[in-house]
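The values are calculated or read from the model by the stated rules, or taken from the named source; none is laboratory data. Note that the structure is predicted; figures quoted are calculated from it, not measured. Heads up, the Cβs are rebuilt from the backbone with ideal geometry, glycines too, and the neighbour counts pull from every protein chain shown.
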Amino acid sequence: MKTKIMALILLIAVVPIGIMLSKHTQKGQEINSTTSESYSYSLESTKALYEYMLKEYNGKLAVFETNSEHPVEVFSIFVDTLPQVDRDLLKDGIPASTKAELLRLIEDYTG
């Protein structure tokens, strides 16, 4: 189940980026710095759509509200005990748009 959720999260993040990049690429021309700036802005605006982020904090799994530097809750799950794929995802944060989605993610990591 955790793998399906991660795949869905990656799909949600990758599809809008691909669409945006295809709109800015015209007949074999390379993407210029303006497009790179748009790409960066798009990632930030996508993150703003989520209410919560599940991230690493001081080596442990933690819940953050979007745009907050301080965790709402820190769990006793050490991130370095998780598979590399999960550690990579948690480095940038796994977004959750609702409390229910957040609880499902937490359950995946805490059992």
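Just the residues that are of a type in the set (A, V, I, L, M, F, W, C), part of a helix (DSSP H, G or I) and over 8 Å from the mean Cα position of the chain (by Cα), please, taken from region 89-102. If you could, list the steps in order and put the result at the bottom.
In the first step, residues of region 89-102 are kept if they are of a type in the set (A, V, I, L, M, F, W, C); the result is 89-90, 94, 96, 100, 102.
This time we only want the ones that are part of a helix (DSSP H, G or I), so: 89-90, 100, 102.
Once the filter is applied, which keeps residues that are of a type in the set (A, V, I, L, M, F, W, C), part of a helix (DSSP H, G or I) and over 8 Å from the mean Cα position of the chain (by Cα), region 89-102 yields Ala100, Leu102.
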Just checking, does region 44-66 include any residue being at pLDDT below 50 and of a type outside the set (A, V, I, L, M)? no
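Of the residues Asp86, Asp80, which single one is part of a helix (DSSP H, G or I) and more than 12 Å from the chain's Cα centre (by Cα)? I'd like the intermediate steps shown before the answer.
Numbers: Asp86 fails: more than 12 Å from the chain's Cα centre (by Cα).
Unique residue meeting the criteria: Asp80.
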Is there any pair linking a residue in region 94-111 that is touching a residue at least 12 places away in the same chain (Cβ under 8 Å) and farther than 8 Å from Tyr52 by Cβ to one that is in a helix (DSSP H, G or I) and basic (Lys, Arg), with Cβ under 8 Å and at least six apart or on different chains, and which? Asp108/Lys2; Tyr109/Lys2
